[in-house]
Every structure is written in structure tokens, then in C-alpha cells.
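Visitor: Got a structure for you, written out below as C-alpha cells; questions coming shortly.
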Amino acid sequence: MSEYINSRLSALKAYVPGEQPADMDRLIKLNTNENPFPPSPAVLKAVDCSAVTSLRRYSDPTCRLLREALARADGVKPENIVCANGSDEILALLFHGFCEKGAAFPDVTYGFYSVWCDMFGVEKKIVPLDGEYRINIADYAALPQTLFIANPNAPTGIALKKSEIAEMLAQNRRRLVVVDEAYVDFGAQSAVGLINEFDNLVITRTFSKSRCLAGARVGWAIAPALLAADLEKLRSSFNPYNINSLSSAAACAAANDADYFESCKKAVIENRAKLSAALTALGCKLTDSSANFIFVSLPDISGEEYYKALRKRGILVRWFDAPRTRDRVRMTVGDEEAVTAVIKATEEIICELRR
Ligand SMILES: *Cc1c(COP(=O)(O)O)cnc(C)c1O
């Protein structure tokens, strides 16, 4: 460490993202919840020669076309949308600028929430999930902090119903609730319909998971107009050209291709059912996932052993070494080939390690 970093940040522990290994082609990569399918063919057309030529200019700081496309897709107005360099950037702005009373979130959730608190000096209130990894809404009733609820939650995949999100919003209408809907398209109910009813709701979404564009780094917020304007002010004060023009063109094309979106989503949901059924039949324990990943433990085999044994067979998954997660691994739902490979590997691992 140099002597120049602010003393408040000298002890900061950075978020550790899932690996992006160089020999990716030889591995079945199920560690970062990317989509197994390529982007929509419309994306390939949109990122053409003229899009590359236009890189000479700055990108549109208002993200007009993208906000219009998203407003159409989400059934809201463009003034309800704020675009960012991945939903991570939106979340960072929310931790930075909307957490005067601190931030509250579950003990088992997206690991970045805690890092942003440390980064921006936000006090955290960690609320344990129950023994089945479920959120108990009543635990949040008296909390004044800004709430961060991933729905479905990660790495559990368990979703709250829209009515339960409404209940949390109604617990205290002067408390902001951020609903991180990174995985909502894979089977959970969105809270979007609640933004006209509640002033204290922000939803974050991303092109990284269900839209097959993780590398483009595009996310967005959906919020009541006043809140969206505040968020937009912070965005413009930090990095007004936060979406590059190639990513913007790619995201617009993806947002407008509803058919492709539906077909990828459907395939992932079917593969999740197939994978879950096969692993359950082998005696594995799974949470009820509404996301594009499963959270699974093997009988009598630790999460670390399972992770390592899969890795030896060329399958990369995520293992979180913390008291409540170390028995399990989080595994992205891949394409059919990946699902078949995971089932076969798991059968072998159970035979081998249980002897
Ligand atoms: C992947 C993920 C995000 C961030 O996605 P971006 O790629 O930054 O849009 C946010 N929240 C959760 C829970 C995630 O898993």
C-alpha cells in the first residue's frame, strides 16, 4: 500500500468477482451467472462499422434512445429510467448518496453491498436470514436504514413475492427500499408496478444476466420521477458518459428484441428444472431458485470439496467461504451440454468421495 490513499480507505477489502480465466474455452464456466447463450442477432447488426466510426464522438450523456427502449419494455416513462455502467454503478450511487441512516441487508446476499458500505463510509445493519435462507419481512419493520433487497436473492435464488416487497415498502414510507432485480427475469415477480404507488422504491436491473450482455456493462434503475432525477444528478456529477456508445447500441438492440429474450429465458428456466431434478434425485439439497443459478449442497461432502472436484473436471462454479455458505456451491444454469456435464460429474463425485 502506498502512503497516499486516504486513511479511511487504507483497510478497505475489495470485492472479489468470480474468476474470468484465460483458458475459458476449456472450462465450463458456471461461476458468474452469465447467460449461456450469445447476445441477440440484432446486437451483432447494431454494433456495425458505423457504430464503431461514431466512437470518435462522446456517447449521448442523456442515454435517450436506451431510456426510451427500456421505458417501453418496462411499461414506465423515460423519466423513470437512469442508465449506468452495469447495475453495479447504480448500486454504488445508491450507497454513496442515499444511505444517510446507514444500509440494511441480509447476512447472505450479494457480497458487494458490504464492500460499498466500506467504500463510502456507510454504517451497515446486517439482518440474518432464517435457517432456510429466507427473508423474514418482520425483521425489517423497525429499521430506519435504506434497505437493499436482492430479489431473487443471491446466492440463494429465493424470491419474495411482489406483495411482500409492497409490505416492506409500506412498513415505513420515509425509508428507501432498493430492490436489486438482477435475476428477476428468470421467474420472480418484478416490483416495477409499485413505483406509481410508492415514492420510496428504486429497482435496479441489468443486461448482464437475462440479456446476454455481461461484457457490455449496462444496467439501469427504475424509480419514481423525483428519485430518478436525484439519481440522474449523481450520475452526471460522477461520469456523464458512463455508457459507451457501442454498449448503448447493443443494449438498445437487445431491449427491442423481445422474442429472443423470451426464448433464452425459457431455455434457462427449463434447464434449471432439469438440473434441479437430477441433482435432487442424487440426494443433493437445493434452495428453491427463481434465478439462473442454483445453490446446492451434496450429501456428506463439503462445498469446498464439491467445488474442487468440479474444477478438476473442468467445471468452474462459485464457493463462498463463510459460515452460512461454505456447505454449498452456487452454480450457474448453463446450456444443455453444461447441465449434462454437471449431472455426470456430480454422480462421479458422489461415488468417489463417499466411499
Ligand atoms: C450480477 C449482479 C449485479 C450486477 O450486475 P452488473 O453486471 O453490474 O449489471 C447486481 N446484483 C446482483 C445480485 C448480481 O448478481
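Readers should treat all values here as calculations from the given coordinates under stated rules, not as data from a laboratory. It should be emphasised that the depicted structure is a prediction, and the values quoted were computed from it without experimental measurement. Cβ sites come from the backbone with ideal geometry, for glycine too, and all protein chains shown count toward neighbours.
Visitor: How much net charge surrounds Lys124 when only the other residues with a Cβ under 11 Å from the Cβ of Lys124 are counted, with Lys and Arg +1 and Asp and Glu -1?
Guide: With Lys, Arg at +1 and Asp, Glu at -1, the net is -2.
Visitor: For a quick check, take a GNM of the chain with Cα springs below 10 Å and name the residue from Phe293, Phe198, Phe186 with the largest mean-square fluctuation.
Guide: Of Phe293, Phe198, Phe186, the most mobile in the Gaussian network model is Phe198.
Visitor: Let me ask you something else. Using a/c under 1.5 as the rounded threshold, could you call the range 275-355 rounded, prolate or oblate? The axes a ≥ b ≥ c are square roots of the C-alpha gyration tensor eigenvalues, and prolate needs a/b larger than b/c, oblate otherwise.
Guide: Rounded.
Visitor: Taking amide H positions as placed in the peptide plane 1.01 Å from N, state which residues far from Val127 in sequence (5 or more) or on other chains have amide H under 5 Å from it.
Guide: Answer set, sorted by chain and number: Phe105, Asp107.
Visitor: Which whole-Hz ³J(HN,Hα) couplings does the range 272-288 yield from phi under the Karplus relation 6.51 cos²θ - 1.76 cosθ + 1.60, θ = phi - 60°, glycine and proline marked x?
Guide: 4, 5, 5, 4, 4, 5, 5, 5, 4, 5, 7, x, 6, 9, 10, 7, 7
Visitor: Taking springs between alpha-carbon atoms closer than 10 angstrom, which of Val82, Val184, Val122 fluctuates most in the Gaussian network model of the chain?
Guide: Val122
Visitor: In what order do Ser297, Ser7 fall by count of nearby beta-carbon atoms within 10 Å, going from fewest to most?
Guide: Fewest-to-most ranking of Ser297, Ser7: Ser7, Ser297.
Visitor: Choose one of Ala273, Gln20, Thr287: the residue whose Cα lies farthest towards the positive end of the charge dipole of the chain (beta-carbon charges +1 Lys, Arg; -1 Asp, Glu; about the Cα centre).
Guide: Result: Gln20.
Visitor: Would you order Leu44, Leu286 from fewest to most other beta-carbon atoms within 10 Å of each residue's own beta-carbon?
Guide: Leu44, Leu286
Visitor: Ok, one more. Take the alpha carbon gyration tensor of the range 228-340, find the square roots of its eigenvalues, order them as a ≥ b ≥ c, and report rounded if a/c is under 1.5; if not, report prolate when a/b exceeds b/c, else oblate.
Guide: Prolate, because a/c is 1.5 or more and a/b exceeds b/c.
Visitor: Tell me whether the range 24-128 comes out rounded, prolate or oblate; compute the Cα gyration tensor, take square roots of the eigenvalues as a ≥ b ≥ c, and use a/c under 1.5 as the rounded threshold.
Guide: oblate
Visitor: Between beta-carbons, use under 13 Å as the cut-off and find the net charge around Gly303, counting Lys and Arg +1, Asp and Glu -1.
Guide: +3
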